[in-house]
Each structure stands twice: as C-alpha cells, then as structure tokens.
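First the structure, then my questions, so here it is.
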Amino acid sequence: MKEFLKNRLLNYLPSRLALQIERPVKKRAEFVDWLSAELPDAANGFILAQGLIAEPFIRGMGRLFATSRFELFLKKWVTEYLFKLFDAFESCSGKTGDARPLSLEDAPLHRFALERYSKRFAPPPEIRWQAQPALPWRILGGLSQLVVIAWLSLRNGVRLSGERRPYAVLREAIWGLQGRGYHFHDDFLVDGEKVKPEDLLLFSRDCEGKDSARMSAREDAKRSAYAHFDLPSLPMGAKPLFTRILPVYLGGAVPLLLRSVRSPDFSLFSSIFSSFAANAVPYEAVFSRFQIRSELGHNYFTAGHIAESIVCENHGAGYFLMHWSDNSVGVDRFLPAFLGCDKYLVWGRAHLQGFEGGPSTFAPIGYHFKDRIRGIHDDAGEKSRVLAQMGVPEGGKVVVFLDETFGGDIRMTEDHFLSFWGTILRLAEARTDVRIIVKPKGTFFHENFSPGGARRFAALRQELAKHPHVHVLDPD
C-alpha cells in the first residue's frame, strides 16, 4: 500500500527510479569528476529554464510558510534527484553496466537531464518514455496528500495537554556519548555557562535498528543525563493540529499543489511536496512538545534538513550547521550547495567553498577542539597521558600518518592507499630514531580490496609490525 501510494497516487519520482536500479556499478572516473562539478549548475540551469522560481506553487509555498528557503529546498531537491538520475543513466548506458532501457515519465526534468548527460557521455542510455499521468490521476494524487499529512500527524496519537519544556539546543544523537567509536563530544556544546546540561535536548531518528551506529548513539543518549526523544514516535500536540496542520498544511499547501495540476512539472511538484511534508510534519510535533531556541543540525547534504529548518524558522528557533572537514576542498561541491540555515559555523576561510549565501551566513568559530589540542600541547602531564593511552613511549621526534578510505565514488584508489602505506614502511626502515604513529581511518573499507591488494596490504602490515618504533593505533 505504501509503495502504491508513492508510485501511483503520489507519483514520487525518486521511488519510481530506485525500483529500476538492480545493483550499483563501478562508475567511470570521468563520470565521477563530471558529476561532482556539474550538479549545482545543472539544477540551477533547469530551474532557470523552466522558470520554476516564479511558479505559483513554489512562490505560494514560500509565502504560506513565511520563508525564502523554499527556493533552496527546490534547488536542493532537484540536485539530489539529478544525482540519482545521472547515476541511473551511467548504470544503464552499457558503458560500465548492463545496457538496459530505463523507464521514465516524459517530463521536462527527465528530458533536460538526458540532454545534459548525452552531451558529455556516449552511448546515451535507452529511455522508454511513459506518458504523464492523466488529469484524474493527478487530481487523485493531489487529494491523497491530505491522507498522507493526516497520517503523519496522527500516527503516534495526540498529546492533549502539558506544558512545553524549554531547551537551548536541539541536536541529533548521531554520535555516541560513551564507549568506542564516534563520540558526540558534548563538551564543546555544554560549557556550564551559556549552555547547561539541562539545556541540551537530544533526539534520534532510527528506532528500528536499521543503522547500528545510530542505534548505539540512541542508546547512549537514553542512558545519559540529557533529555532525549525518538522523532518517529513523538505524538502531535492538540494545539498545532488546529493552528498549523489544518490551516497551513491541509487547507493551504494541498490546494496550492492542486492548482498546479495541469502543469507539465506537476510530477516534480508532487514529489517535492511529498518530501517536504514527510520531513516538516514530524518537526511540528517536536515544537508541540518542546520550546527550542536553536537546532545544531547534523547534516546539510539533504533537502529534508531544509524542510526542518523552515519549521524551525516558523517557530522562532535558529537553525545552525557545522562544517565538516571533508568539504575543505572543491570536490563533491553539490553536497554543501544550497544551505538552508541561519548560520554556517565554519572553522576558517578555507572552508567557504561551494556555498550559496552572503557573508552574513558564515560564522568562523575556529576548530572546535582547539582547546583540547592546546591543552595537550601545553600540559606535559596531559601529553604523557595521551601518549600512554595510545601505547606510544615518550621522547624524541614523532611523525603521524592519517590514512583515508578508498574505492567507491571517491578519488582515492587502492593503488594510492597501498602507496601511502608503502611510504610509512620506507620511513620506518630509514629512520629508526623517529616515533611513527599511524592512525587508520577505519577497517570497513577493506572489503574494497582486490585479492591482490589485500595480500599486498597484509604484507605491508606484517613488515611494519617488525619495527618497535611504529605504532598503528586502533581506528576507534
């Protein structure tokens, strides 16, 4: 029933596309490079060519939700869909995968994407063009959004009464608080003065155990002294049903969608609407339960977070995003494109690449663990403790190697990776007077090794183990 709603009634384009991709294929290096640089310009190009910013649906949603961010939501959503679409073209073109036809609705976005891809790569994929849904199906799909929004609002019941508790910061519990692996490092948030422990509210998205890392973080958050809730099971407050869901979503947004029912871009609008509602309505439940001054968002890569930021904006809560060091260079620039936040907290000027927004969007905060590093550098006792924890004796010069993952869609290859570890071995053999610390990124990428590569890596590790001045740390 859920898939029927998505694919037939709601005409959700990403779901219909995903059903046709049987398995991922190894992509050409030139395709990966092209995709990294192409996506933001392609999204902007299509939106400009179709005049989507001026469309009544897009403008109306911006006015209805009192935001300028719905345009960013549109751009981000189109960027994400083009990523999936170009990936499908590459998989079905026959150049790297099995040539097979791809079934697509004869819609402007699909035609635009195929032309863009075909100008750069050959052979183009074979497309079986499907007629757009007939008008009755479009109307029925638009009306079914009423049912979806009602279900999203009522699926966990209704909370009739109770005061909303106030918090300073809302944060997703994506990293753990205890044990091994990734850590939340709450000390850069909770400083005892501006933000107290009782001011921090954590939440989890995964309550069904699909992601082991998120489940571990959820269990840590539940055991901690911080307040915590599960977003998928949070009930809606009674008041927002009558002040937000009924007048804004059901009485305002759905009619806006239905007014565009004859547009050649209706499938696009319907998909955008479905995505927006799926992310926005659960956040209405959050604000029906808690008073929040700000959210420190975890992931700026998805359009769904822009939908959440719009709800935060409507409720007077600031929405902030933190820089990830991976995006210090100009690769995969579509990931941080189209930021929908009040402030983007960057470490420094080197991290201002690939973003839309004026200078007021960016707030340089420096590296948020700098005090910890300075403390280790300045305090001999702390330095000794950290070295002892790593199993590294004190004294002499130290050289540290930090490795990286390889394979998949990134530029680091198996040969690069093995050459890097070979460099470590050559230094170990040449400089026995230097302590060498190796911090592996992780072990999960070992599955990307070819049989020969796995043997070469095992031989390198065996040789390194013969040198007592080399210390390979636990990845965690």
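Would you list which aspartates and glutamates come within 15 Å of Lys383, measuring only between C-alpha atoms, while excluding same-chain residues fewer than 8 positions from it?
Here the aspartates and glutamates satisfying the reach criterion relative to Lys383 are Asp371, Glu394.
At Arg205 and Ala66, where each label point lies 7 Å from the Cα along Cα→Cβ, what is the point-to-point distance in nanometres?
Taking the two extended label points, one gets 2.7 nm.
I've got another one for you. Under 18 Å between alpha carbons, and skipping anything fewer than 8 positions from Lys210 in its own chain: which aspartates and glutamates qualify?
Glu172, Glu219, Asp220, Asp230
Roughly speaking, to the nearest percent, how much of the range 16-158's 1.4 Å accessible area is carbon and sulfur? Please report the intermediate quantities before stating the final value.
On the way: 3740 of 6610 Å².
Exposed carbon and sulfur together represent 57 percent of the surface.
Further question on the same structure: Ignoring ligands, DNA and RNA, how do Ile373, Ile127 rank by accessible area with a 1.4 Å probe, largest first?
Working: Ile373 95, Ile127 25 Å².
The ranking, largest first, comes out as Ile373, Ile127.
Over the range 227-329, what relative contact order in percent results from Cα pairs under 8 Å that are six or more residues apart?
Numbers: 74 pairs, mean separation 29.4, N = 103.
In percent, rounded to a whole number, it is 29.
To continue, here is another question. What is the gain in length, in nm to one decimal, between His298 and Asn156 on full extension, counting 0.36 nm per residue of separation less the C-alpha to C-alpha distance?
Details: separation 142, 0.36 × 142 = 51.12 nm, distance 2.47 nm.
Between His298 and Asn156, full extension yields an extra 48.6 nm.
Per residue, how large is the accessible surface of the chain? Use a 1.4 angstrom probe and give square angstrom.
Details: 23360 Å² over 476 residues.
Accessible area per residue: 49 Å².
Could you work out [θ]222 nm for the chain from helices alone, using -39500 (n - 2.57) per DSSP H run of at least four and dividing by all its residues? Round to the nearest 500 deg cm²/dmol. Please list the in-between numbers first.
Values: 14 runs with 196 residues, N = 476.
Result for the chain: -13500 deg cm²/dmol, rounded to the nearest 500.
Continuing with this model, one more query. Take the alpha carbon gyration tensor of the chain, find the square roots of its eigenvalues, order them as a ≥ b ≥ c, and report rounded if a/c is under 1.5; if not, report prolate when a/b exceeds b/c, else oblate. Mind dumping the intermediate values first?
Working: a/c = 2.23, a/b = 1.34, b/c = 1.67.
Cα axes put the chain in the oblate bin.
Over the chain, what is the percentage of antiparallel beta bridges among all DSSP beta bridges, to the nearest 5?
Numbers: 0 of 39 bridges.
Antiparallel bridges make up about 0 percent of those DSSP assigns within the chain.
Can you send over the carbon and sulfur percentage of the accessible area for the range 202-252, probe radius 1.4 Å, protein chains only? Display every interim value, and only then the final one.
Working: 1380 of 2490 Å².
For the range 202-252, the apolar C and S fraction of the accessible surface comes to 55 percent.
Distance in nm between label sites at Ala213 and Leu140, each 7 Å beyond Cα in the beta-carbon direction?
So the two model labels end up 4.2 nm from each other.
Compare the peptides 391-402, 242-253 by average per-residue count of other Cβ atoms within 10 angstrom and give them in order, highest first.
Details: 391-402: 11.8, 242-253: 16.7.
Order by mean packing, descending: 242-253, 391-402.
Follow-up. So how far apart, in nm, are the two label points at Leu473 and Arg128 if each is 7 Å from Cα heading toward Cβ?
Label-label distance for Leu473 and Arg128, simple model: 5.4 nm.
Right, here's the next one. Which length gain, in nm to one decimal place, applies between Asp379 and Ser15 when the Cα-Cα distance is subtracted from 0.36 nm times their residue separation?
On the way: separation 364, 0.36 × 364 = 131.04 nm, distance 5.48 nm.
Full extension of this stretch gives 125.6 nm more.
Further question: Order the following by accessible area, largest value first: Leu258, Leu19. Probe radius 1.4 Å; ligands, DNA and RNA are ignored. Numbers along the way, then the final one.
On the way: Leu258 50, Leu19 120 Å².
Largest to smallest exposure gives the sequence Leu19, Leu258.
Now a separate question. Work out, step by step, the length gained on full extension between Asn44 and Thr413: first 0.36 nm times the residue separation, then minus their alpha carbon distance; give nm to one decimal. Show your work: numbers first, answer last.
Details: separation 369, 0.36 × 369 = 132.84 nm, distance 3.15 nm.
Difference between extended and current length: 129.7 nm.
Show me the helices of the chain, taken as full DSSP H stretches, that run 18 Å or more along their long axis by Cα and average 0.5 or above in Kyte-Doolittle hydropathy.
Working: long enough: 29-50 (31 Å, 0.45); 70-92 (33 Å, 0.36); 135-154 (29 Å, 1.41); 266-289 (35 Å, 0.78); 414-430 (24 Å, 0.24); 451-464 (20 Å, -0.51).
Result, helices passing both filters: 135-154, 266-289.
Next up: When we measure straight from the Cα of Lys370, which aspartates and glutamates land under 18 angstrom away, once same-chain ones fewer than 8 places off are left out?
Partners found: Asp186, Asp187, Asp191, Asp326, Asp378, Asp379, Glu382.
The values are calculated or read from the model by the stated rules, or taken from the named source; none is laboratory data. Values in this document were obtained by computation on a predicted structure and should not be read as measured data. In this analysis, Cβ positions are derived from the backbone assuming ideal geometry, glycine residues included, and neighbour counts consider all displayed protein chains. Just so you know, the surface numbers come from the protein's heavy atoms only, side chains and all, with ligands and any DNA or RNA stripped out. Shrake-Rupley method; radii C 1.70, N 1.55, O 1.52, S 1.80 Å.
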